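This report concerns only the one structure given below.
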Amino acid sequence: MWTNWAGDQRCEPAVVERPGAVGEVVGAVERAVAAGHNVRVAGSGHSFNGAVLTDGTLVTLERMGALLDADPATGLVRVQGGMTIRALNEALAGHGLALANLGDVDVQAIAGAVSTATHGTGVTLRNLSAQVRALQVVTAAGEVLEIDGGDDLLAARVALGTLGIVTELTLQAVPAFTLRGVDAHAPLAEVLDRLDERVDGHRHFEFFVFPHADTALTRSNDIASEPPRPRSPRRAYVDDVLLANRAFQLACAIGRAVPSAIPALNRLVTRLAGSSTRVDRSDRIFATPRLVRFTEMEYALPRAVAADAVRAIKATAERHAINFPIEVRFVAPDDALLSPAHEREAVYVAVHAYTGMAWEPYFRAVEAIADEHGGRPHWGKRHFQTAATLAPRYPGWDRFAAVRARLDPEGAFANAYSDRVLGPARVPG
């Protein structure tokens, strides 16, 4: 039985393969195809939808998690697809390197994070897939392809595992840098009224707001000239585990048991969220532990509609029993064919529901707002779209379909989720 991190996606694959080298991946694919199994790859389980699910062959790259090469002069690094972002960050730091931007979770396998267009925040910075310069992919035919340009690369950077198994990646890193991270309260109305000023004024800017609260929790990260000042292990434990997770989990559990208490609890959690300033290595500022279980949906909308969309989504959240904040981040355009930020500045708005609480009515209502703005869902999170509704939102849709049809013409890497959101593997007519 395979289960995702949230505990709400499960499958019982007929075969689980744990290859330790590229040749073993080829063998696993060949065995699966011969048996008539479809093939999916599991990373760390941080997808909230059915992207991984299969009753055929499930491949995990947990034994393929090494940094293969790093060139500090060019910043180019070669990594295996099963390497976690946390392990990659530590290895890069040893070479005086870092990734230019990251999300706030670092336990994902790098291949899965890239393939679903995982992102951080920063209006001048693109998502993680844009840092890919080449990929090694094992196809359904058992070929080992090095993809380093053209539509093949634009498709493979964000492919949901439908082109083959990504065994290695070449990433563009940058010289290691230090960030000053400032968490602060601000009136939500003021944040929304002067949103462009805040977004453009920081290298990284994001904010959170709870339903029924009028205060935003803002987070601004900027390059610092001073050396890192890491927190003590005790301070980190108190801040990140006891306060940010355990106390919050208690509030969520109370809200689940007594939904009428949620408005007051959300305002209390907002007041208790501390203001702070930290100076540390970039990846330590980006990443925060996530110990409270939830499910999530996230949409990339045109940046210009950010304030209006947040107002509408917050009003919608307040009509449901929701004790998680709305999260708002900003990402630069990129050219991956299925990137939710393809060719437009994006505001990403994420909504969550605590484990064991109703999520579908809320998520459907939020998705209706996103649809009004041509929203594109995060490929690793919940949504209700289909290939028919998504194709018009992606100018490169048919180009991706053509690459997929050529590399996986029989749909060996398809599953129910990919069939729903991408359609069958075929050349568009």
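The table that follows gives values for the structure above.
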{"quantity": "Hits in region 122-149 - residues which are over 18 Å from T167 (Cβ atoms) and open to solvent by 10 Å² or more (accessible area, probe 1.4 Å)", "calculated": "V123, T124, L125, R126, G149"}
{"quantity": "Among the candidates A300, A287, A264, residue that is closer than 30 Å to R344 by Cβ and in contact with a His (Cβ under 9 Å, 6 or more places away or on another chain)", "calculated": "A300"}
{"quantity": "Any hit, region 52-64, residues being farther than 16 Å from G20 by Cα, modelled with pLDDT of 95 or more and in contact with a Leu (Cβ under 9 Å, 6 or more places away or on another chain)", "calculated": "yes"}
{"quantity": "Any hit, region 393-405, residues being of a type in the set (D, E), over 16 Å from the mean Cα position of the chain (by Cα) and over 18 Å from V158 (Cβ atoms)", "calculated": "no"}
{"quantity": "Of residues in region 120-143 being part of a loop (DSSP other than H, G, I, E, B) and touching a Gly at 6+ places or on another chain (Cβ under 6 Å), the one farthest from F413 (Cα to Cα)", "calculated": "G120"}
{"quantity": "Residue, nearest to Q131 (Cα to Cα), within region 337-348, restricted to residues that are over 15 Å from the mean Cα position of the chain (by Cα) and touching a residue at least 60 places away in the same chain (Cβ under 8 Å)", "calculated": "L337"}
{"quantity": "Listing of strands (runs of 3 or more DSSP E) fully contained in region 7-114 that carry 2 or more residues being buried (at least 17 other Cβ atoms within 10 Å of the Cβ) and out of contact with any helix residue (DSSP H, G or I) (no Cβ under 7 Å at 6 or more places or on another chain)", "calculated": "39-42, 57-60, 76-80"}
{"quantity": "Wholly enclosed strands (runs of 3 or more DSSP E) of region 209-312 bearing at least 3 residues surrounded by 14 or more Cβ atoms within 10 Å (Cβ to Cβ) and without any contact (Cβ under 8 Å) to a residue 60 or more places away in the chain", "calculated": "215-223"}
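The values are calculated or read from the model by the stated rules, or taken from the named source; none is laboratory data. No experiment lies behind these values; they were computed from the predicted model shown. Note that we place each Cβ from the backbone using ideal geometry, even for glycine, and neighbour counts take in every protein chain shown. Each accessible area value is taken on the protein alone, full model and side chains, heavy atoms only, with ligands, DNA and RNA left out. Shrake-Rupley method; radii C 1.70, N 1.55, O 1.52, S 1.80 Å.
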